[in-house]
Structures are given as structure tokens and as C-alpha cells.
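The values are calculated or read from the model by the stated rules, or taken from the named source; none is laboratory data. From a predicted model like this one, the values you see are computed outputs, not experimental measurements. Because the Cβ atoms are built from the backbone with ideal geometry, glycine has one as well, and the counts that use them run over all protein chains shown. The protein model used for the area step is the full one, side chains on, heavy atoms only, and it has no ligands, DNA or RNA in it. Shrake-Rupley method; radii C 1.70, N 1.55, O 1.52, S 1.80 Å.
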Amino acid sequence: FHLIGNLPQWGLAWIKIDGSYIHHIDTEEDKHFFIEAMYWAARQINLPLIAEQVETSEELAILNKIGIYGAMGRYFGDPSSLAN
């Protein structure tokens, strides 16, 4: 977390949160607190967070409550091939 202030100089538009931190965020308090701390740190430098691998409405509800900018995952639909 102490290096998060350096991220804007890399030209990042957002940070994607790995799905392993999202899976069961609604039932595992340590994950919830970690993502919330990450949110507040990223917010200080105006860098939005996007959650990967959201699979349930409960996970999405927690992410919405925290204020995460965006989400992706099976909750929104199964992945499909680009070669249709």
C-alpha cells in the first residue's frame, strides 16, 4: 500500500482486482476489509477499481456497498468465444 501513490505515473486507467479476492467476499470478512482498504487507497489517487470473477449477487452487493467502480464475471453471463 505504501507504493500506491506511484501508480498514476505509470499511466494506469484502473486497477483490476483479482478474482481470488472477490470469491466469497460476502462471507469472508478479511477479504471484505482488504478490498475496502484497497478502495480507499486507490480513491486517494483517483484510480478506479474493477472486480474480476464476480459470480453471485451477494458478492456484487458487497462490491457496490464498498463503491467499486466496475465488475465482470459469470454473474453477468457465461464467457463466449469471439470466433462465432
Selected from 10, 80, 62, residue furthest toward positive end of dipole (the chain; charges at beta carbon):
10
Solvent-accessible area per residue for the chain (1.4 angstrom probe, square angstrom)
69
A correct Karplus calculation of ³J(HN,Hα) over the range 40-46, with 6.51 cos²θ - 1.76 cosθ + 1.60, θ = phi - 60°, whole Hz and x for Gly and Pro, returns 5, 5, 5, 5, 5, 10, 6
One quarter of the C-alpha convex hull surface, i.e. the mean projected area of the range 20-84 in nm², amounts to 4.9
Using a Förster distance of 30 Å, the FRET efficiency for residue 12-residue 78 (Cβ separation, nearest 0.05):
0.55
Interchain or long-range residues, amide H under 5 Å from residue 55's placed H:
75
